[in-house]
Amino acid sequence: MASSGIDVPGSATADYVMHERDKEYDSGYKKEVHEEAQIPYDSDSLSQHAVRSDQTHRQLRPRHIQLIGIGGTIGTALYVQIGKGLLNGGPGSLFLAFTIWCTFILAVTNCMNEMVTYLPISSPFIRFAGRYVDEAFGVAAGYNFFVFEAALVPFEIVACNVIIQYWSDAVPVGGIIAIIIVLYAIINLFAVQWYGESEFWLALGKVLLIVGLIIFTFITMLGGNPIHDRFGFRYWKNPGAFAALYREGNLGRFLGFLQCLIQASFTIAGPDYVSMAAGEAENPRKVMPKAFNGVFYRLTAFFVLGSLAVGILVPHNDQTLKDAFLNGLPGAAASPYVVAMDRLKIVILPDIVNAMVLASAFSAGNSYVYCASRSLFGLALEGKAPKILTKCTKSGVPIYCVGVTLAIALLSFLQVSNNAAKVLSWFVSLVTASQLINFAVMAFTFIKWKNACDAQGFDRNLLPHKSFWQPFSAWYAFTGCTIMAFVGGYTVFIDDFWNVPDFLFSYLMIGVFPVIFVSWKLIKKTKWLKPHEVQLRTAEVEEIEEYTRNYVARPPKTRWHGYLDKIFSA
């Protein structure tokens, strides 16, 4: 029913408006006036009012959320695999593709920011899909995201092993894999703040590395290198900004650009990782909008400038870079940054870069363990996975979900009997389409959410955060991500490139998603929700509003932590 401007008693809008009328705005966020309702601070870090019905604890500080979002997105792809994009499309195509894809990520971030800030629960976008669209849709989205994240764990473990081999292959492959899995278990099976603190420092290392490499590019291109070569944008002119791929002429250059766009769609993310931390964030209605925006703008700067940097440092026809990927050279040897350092006769730095890339890969895998376990936890909370998976430790860690994720990580032992490059390609092909499906699900869920708000007269202006350019932004994200999911494996349809394994790995999840959706819908007889049937106010909304009213800021443990909170929470 369309809004007539009059609040109907018992309606979602009336309840929400009455609840909000006793509030006043403070710097754009709603803050309760009634101080007597606050729960006093307890030294056990808000444990009295941070524990919710899903047993997890709100102990992640703003700086943790910021760096978790950044750390989960920045992996070896930004430092090493980005070189493939340069070879395929050239510096111009790479830069344009990464810039364009960031606009789609902005649109997805815009959608998730509004919904998650209103209801910051565990595994939010998975559960929103079931609540605002169709229960079967949420199940399909949940398992798609779980498979995506869980498959990335062994991907990063194998990557860590390959990176270590840059220095020496004396350590047995199986031994390194076992050590990494044990470290992930230690970090993720203890209290969530352990994960948040460890990921903060690991992600900070990633930030310092990419910032350092961008500065390195600027200095060396102006002649600040051992051979005093002031090369500037030389490689954009010779051999050129746009490389032809598979075909000659404009068609080849377009295919090169398309390959760079596919590379960008696999490399750039962000809103999914920020969302997954919402259920364990302190004061989420204030923290999450800043986290979404901060992570997006920082990542955009890193990815866009990073794509520009590699195109400045190395020509797209560099034989050393080609051989590195062709022969599967270990670690940073295939990084365009290391190739550039070798060209410029720079020593020591390649080893430092390799060490930082190792930390980057380890951190990314750590984030994937967290996100995969929380997505499975969300499915269990909704009754879509075995109930035993809802069990949490006293510290609020979904222990069995973490265990299942670590069990899947054992797939990394495939490297013991197979070529590392081959194993990596299996995982990359499997998850690329899954990530695009995730983003399409987020955008479509927002479309249904907005339709429900409009139909029920639910005033979105009263929300803690309202997204902009809607519903255009959501449709833009949904259309772009859906198209790219089907385009991702286009090379198998080109003459002489067809092969069954590549086709299956590229399109497997696109086929699995509707199968899960239809199967669950037929078995459970679920209903495609109409706008007026969507429940916009639930007990969980009341719960988060009570938490917000009673929230008392937790002081930092040390002065040093206080400085970090101020620096990384903006």
### Residue identified as among the aromatic types (Phe, Trp, Tyr) and closer than 30 Å to residue 105 by Cβ among 498, 469
469
### Query
Looking at 121, 100, which one is at negative phi and not in a helix (DSSP H, G or I)?
121
## Note on the structure
Counting only residues in segment 540-570 that are over 17 Å from residue 283 (Cα atoms) and touching a residue at least 40 places away in the same chain (Cβ under 8 Å), the one surrounded by the most Cβ atoms within 10 Å (Cβ to Cβ) is identified as 564
### segment 382-397 - residue that is β-branched (Val, Ile, Thr) and assigned to a helix (DSSP H, G or I) and, of those, farthest from the chain's Cα centre (by Cα)
388
### Query
Since residue 142 meets every condition but one in (1) closer than 20 Å to residue 430 by Cα; (2) of a type outside the set (S, T, N, Q); (3) surrounded by fewer than 19 Cβ atoms within 10 Å (Cβ to Cβ), which condition does it not meet?
(3)
### Query
Among the listed residues 395, 412, 429, which satisfies the condition of being touching a strand residue (DSSP E or B) at 6+ places or on another chain (Cβ under 9 Å) and modelled with pLDDT under 90?
395
## Note on the structure
Of the residues in segment 519-539, those that are surrounded by 14 or more Cβ atoms within 10 Å (Cβ to Cβ) and more than 23 Å from residue 121 (Cβ to Cβ) come to 521
### Query
For segment 120-138, what are the residues that are within 22 Å of residue 367 (Cα to Cα) and of a type in the set (A, V, I, L, M, F, W, C)?
121, 125, 126, 128
## Note on the structure
residue 137 fails exactly one of (1) aromatic (Phe, Trp, Tyr); (2) farther than 21 Å from residue 526 by Cα; (3) crowded, with 24+ Cβ neighbours inside 10 Å; (4) more than 19 Å from the chain's Cα centre (by Cα), namely (2)
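For segment 361-371, state whether one or more residues are part of a helix (DSSP H, G or I), buried (at least 18 other Cβ atoms within 10 Å of the Cβ) and without any contact (Cβ under 8 Å) to a residue 60 or more places away in the chain. Even if it seems obvious, please write down each step before you answer.
Initial filter on segment 361-371 (part of a helix (DSSP H, G or I)): 361-371.
From the residues that got through so far, the ones that are buried (at least 18 other Cβ atoms within 10 Å of the Cβ) too are 361-371.
Right, trim to without any contact (Cβ under 8 Å) to a residue 60 or more places away in the chain and you get none.
Within segment 361-371, not a single residue is part of a helix (DSSP H, G or I), buried (at least 18 other Cβ atoms within 10 Å of the Cβ) and without any contact (Cβ under 8 Å) to a residue 60 or more places away in the chain.
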### Task
Output yes when any residue across segment 78-98 is at pLDDT 95 or above, farther than 27 Å from residue 383 by Cβ and within 17 Å of the chain's Cα centre (by Cα), and no when none is.
yes
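Out of everything in segment 164-185 that is outside any helix (DSSP H, G or I) and aliphatic (A, V, I, L, M), what residue ends up being surrounded by the fewest Cβ atoms within 10 Å (Cβ to Cβ)? Walk me through it before giving the result.
Of the residues in segment 164-185, the ones outside any helix (DSSP H, G or I) are 165-172.
Then keep just the ones that are aliphatic (A, V, I, L, M); that gives 170-171.
Working: 170: 7, 171: 13.
This residue is 170.
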### Task
Look through segment 437-464, keep the residues that are in contact with a His (Cβ under 8 Å, 6 or more places away or on another chain) and assigned to a helix (DSSP H, G or I), and return whichever of them is farthest from residue 125 (Cα to Cα).
455
### Query
Out of (1) at pLDDT below 80; (2) buried (at least 17 other Cβ atoms within 10 Å of the Cβ), what's the single condition that is false for residue 463?
(1)
### Query
Picking from 61, 127, 131, which residue would you name as being among the basic types (Lys, Arg) and under 15 Å from residue 371 (Cβ atoms)?
127
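The values are calculated or read from the model by the stated rules, or taken from the named source; none is laboratory data. What you see is a predicted model, and the numbers here were worked out from it, not measured in a lab. In this analysis, Cβ positions are derived from the backbone assuming ideal geometry, glycine residues included, and neighbour counts consider all displayed protein chains.
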